[in-house]
Ligand code: ADP
């Protein structure tokens, strides 16, 4: 058992980067299990739930999240709305709508906006810890090697501009391949292993 844990730790160490008082972190995992104040959902414009992380969050959080989403109605691309966390450990779910990848320059602006808007929704309710999935890089087709630096740039700028807003901003990657992209991006920015 000890050997197994040690081996897992070697393969998938969490990685962190401090931006003032805010700790940025990346880890491999399932976002529905996160113990943070707010988790972010990669939602669609109609807030209808669906596959991928969206389906997993609606399933794990239960019907109250779906009902709140129905009441809100829609959320434009690049924006984010907030609901309660239902049965999740997180108190809040922030439903952010990333772009469907097209290859146009507007993709990057919309993706950055989805991250920034999520941080704004969380800070409005006083959530000081937040976990993000990799928005738009599943069904929406955004190449994760392009998306990861946009995600990191956006949250870094936010943490620099709002140093008291968050204690922890964590990226939760669902596959080894996605995590290794974030790991490399964190390392490039001077991060250390935990
Ligand atoms: P999008 O439509 O925005 O591309 P997807 O849900 O298809 O959203 O994919 C976004 C990312 O979320 C993908 O990298 C996918 O692997 C990941 N993902 C799926 N389920 C989970 C989960 N339970 N926790 C964290 N990430 C997840």
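List pairs: first residue in segment 137-148 and part of a helix (DSSP H, G or I), second residue within 6 Å of the ligand (Cβ to nearest atom) and at pLDDT 95 or above anywhere in the structure, Cβ distance under 8 angstrom, at least six positions apart or on different chains.
144/134; 144/137; 144/178; 147/134; 147/135; 147/136; 147/137; 148/134
Among the residues of segment 149-167, count how many are surrounded by fewer than 24 Cβ atoms within 10 Å (Cβ to Cβ) and either closer than 20 Å to residue 44 by Cα or within 15 Å of the ligand (Cβ to nearest atom) (or both).
Residues that pass the stated criteria total 1.
Please identify the pairs in which a residue from segment 27-39 that is closer than 21 Å to residue 97 by Cα and touching a residue at least 40 places away in the same chain (Cβ under 8 Å) has its Cβ atom under 6 Å from the Cβ atom of a residue that is near the ligand (Cβ under 8 Å from one of its atoms) and assigned to a loop (DSSP other than H, G, I, E, B), counting only partners at least 6 apart or on another chain.
Note: pairs meeting the criteria are 31/133.
Scan (1) farther than 19 Å from residue 179 by Cα; (2) within 14 Å of the ligand (Cβ to nearest atom); (3) surrounded by fewer than 21 Cβ atoms within 10 Å (Cβ to Cβ) for the single condition residue 80 breaks and write down its number.
Here residue 80 meets the rest and fails (3).
Restricting to segment 159-184, name every residue that is over 14 Å from the mean Cα position of the chain (by Cα) and in a helix (DSSP H, G or I).
159, 160, 161, 176, 177, 180, 181, 183, 184
Given the residues 170, 128, which is the only one that is touching a residue at least 12 places away in the same chain (Cβ under 8 Å) and away from the ligand (no atom under 16 Å from the Cβ)?
128
The values are calculated or read from the model by the stated rules, or taken from the named source; none is laboratory data. Owing to the predicted nature of the structure, the values given are computational and were not obtained by experimental measurement. As a convention, Cβ positions derive from the backbone with ideal geometry for all residues, glycine included, and neighbour counts pool all protein chains shown.
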